[in-house]
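Step one of this worksheet: look at the structure below.
The values are calculated or read from the model by the stated rules, or taken from the named source; none is laboratory data. What you see is a predicted model, and the numbers here were worked out from it, not measured in a lab. Cβ atoms come from the backbone with ideal geometry, glycine included; neighbour counts cover every protein chain shown. We work out accessible area using only protein heavy atoms, side chains counted, and drop any ligands, DNA or RNA first. Shrake-Rupley method; radii C 1.70, N 1.55, O 1.52, S 1.80 Å.
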Amino acid sequence: MDKGDDRLHKAGLPEKFVNGMIHPEDPRGLGFDVVDHRGRQSCPGSGIVVREAGFTDSANVLIRHQQSGRFRPATHDLYGGNQAIRSFRELRGKRMNAWMAMTWFRPFLALLAGGVGVGGFAPLSEPAWLVLAMAVLIRLLSGLTWQRGAVVGFCFGLGHFTLGFSWLLTSLHDNGGIAWVFSYLILVALAAAMSIYPALFGALLPRIVWRPLPTLLAAPALWTLTEWLRTWLFTGFPWNLAGYAWSPRESILQIADLGGVLLLSWLTVLAGAALAVPWRRPFPWRATLLALGVAGTLFAAAHGYGLWRLDTLTRQITAPGTVPLRMALIQGNIAQSLKWDPENQDQTMKIYFNLTRGVSPPVDLVVWPETAIPFFLQLNPVYQERIGRLSAQIGAPILTGVPTANPETHDGERTWRFFNSVVLMTDTGTMNRRYDKHHLVPFGEFIPARWLVPKSIEKLTGGGDDFIPGPGPFPMPWEKGDLGILICYETIFPEEVRQLAEAGARWLINVTNDGWFGEAAKPQHLAMARMRAVETRLPMLRVANTGISAAFDARGREVARIPANQRDHLQASIPPGATGSSLYRRTGSAWIIAYIFLLLLAWISDRSPATAKSSHPTS
């Protein structure tokens, strides 16, 4: 035991405080140097520095003044505070420090915060819940080692994604026939896999910054970078990115045409980081005012930009000479349990025929949902002819989802390749144009690494063989403007929709069958379709088997809708998209460079002496 340890024992400090951070004696004989929580010497002082075992927060670094024998937080001496010296008993009695010290408390609170954050998305759609959850996460990460930070981040993600993806239980159990216990295990396994991204955030943030103002720069940029990874890594699954919380807020939503949904994610986490600043002792009033001022200013600027953009877009799409598209959306509301039943196919087609006959001419295009035709139409000339007559009757082509197959011959043996497709049917009864879904759902439409998996294990959609991805994304040519077709969850991938828009699509059409999912998934999926309209400044028409079917104009404003679980059709006149191209359409992922730059700037600022004088440590 060295001399410092001996003094601490003689001072009557509990054993668990002895193995902390003890610095050599000051050569001037004044005692021990005062240091911060990373061991960097900040200023000499008359005291003994100790840290409780397992603590890395600077709030838990104590100074024992040799003359008074009392203890107080090192932060008071490090940054020139003049609060009265607190006794060790008073300091230990502060419940926040005691609870935060417990190994299990931070992960547990992070798990709860992650679940609370789901309230920011549909159907609740209250962004404040997500902002609060991010504030709690950033506060919990303060001062941790990268290992503990990763655990806290992982627990946040586990709570967030387990609750946020709970609608998958309907897909797995009700429609997939998987037992409840295995359905829950699969849900938790998926949530755990997605929690890798918050774990990465939790591991890196405390390593990059620890002061509050640099954290204000680093946290939003780092979180946004992890969300960007989630859009493409391992085929991607960017469901419920933080920016979608602002979907119902029309003015704030408009900044998506500058930097996409990820810019809104950045703004969301910035608000959370600003709220995390005042949650410290001693109260960092300068840093708090600055953080809240910056966040408030940016939100005011986003709101102002949104109002201006809405005004300019309104003038563009309602200008004289603008010709709207007259659309008819058909929602058959066919139960998933009946959809693929061969004995119910004629009844299904009768429903769609009757709803379509209810359309009032003139109409430019009629849209049926994903796999509205539950059989291989190319092998059924009878229904091809009937659909052709229906198209002639209403005076418009019919765009419909349908499974398709291409024959192939290998070594003299004929095989089939199956696709999830959308075809354009005209009054001739022929499938004039066809788009094959290119971004398939893993395990839903195909089994990844099929060569390693037994053939007895089938995809959830049934039908035996896996679907094959199409060559897209590319627009479907049409005389009134090329169509950007998006089948099911292809609409949740912002970069792929941006590519469609840049390739010349004039109208975005999302056909889907949300009957596979629980009720919470329907408004969430709808919010993502709306976001794509704002990002690209193109109209978005969404047609769902069981709803929610809706039409959005280039402002992201809802023109019409059919509520979920209703059998109906709607007609709407949709104005064309905005003139020119949005900034996001032109730049796309180039914004990632800006987020990396902000992260680097935060790292440099955190190590700047000027920042140390004006900012309290993260505690």
Review point. How many percent of the accessible area of the range 314-372 is carbon or sulfur, using a 1.4 Å probe?
Key: 54 percent
Revision key, fill the gap. By the mean-Cβ-within-10 Å protection proxy, highest first, 218-231, 527-540 rank as 527-540, 218-231
Practice item. Can you tell me which of 202-213, 151-162, 591-602 comes out highest on packing, and rank the rest after it, using the mean Cβ neighbours within 10 Å? Key: 151-162, 202-213, 591-602
Check your understanding: Rounded to the nearest whole Å², what accessible area per residue is found for the range 442-512 with the 1.4 Å probe?
Key -> 42 Å²
Check your understanding: What's the carbon and sulfur percent of the range 166-305's accessible surface, probe 1.4 angstrom, rounded to a whole number?
Key -> 76 percent
Review point. Given Cα pairs under 8 Å that are at least 6 residues apart, what percent is the relative contact order of the range 154-220?
Key: 42 percent
Check your understanding: By per-residue mean of other Cβ atoms within 10 Å, what is the highest-first order of 114-123, 232-241?
Key -> 114-123, 232-241
Exercise for review: Note down the relative contact order for the range 473-517 as a percent, whole number, built from C-alpha pairs under 8 angstrom at least six residues apart.
Suggested key: 46 percent
Revision key, fill the gap. accessible surface per residue for the range 147-241, probe 1.4 Å, DNA/RNA/ligands not counted, whole Å² -> 35 Å²
Exercise for review: Just the number, please: carbon plus sulfur as a percent of the accessible area of the range 463-619, 1.4 Å probe, no ligands or DNA/RNA counted.
Suggested key: 60 percent
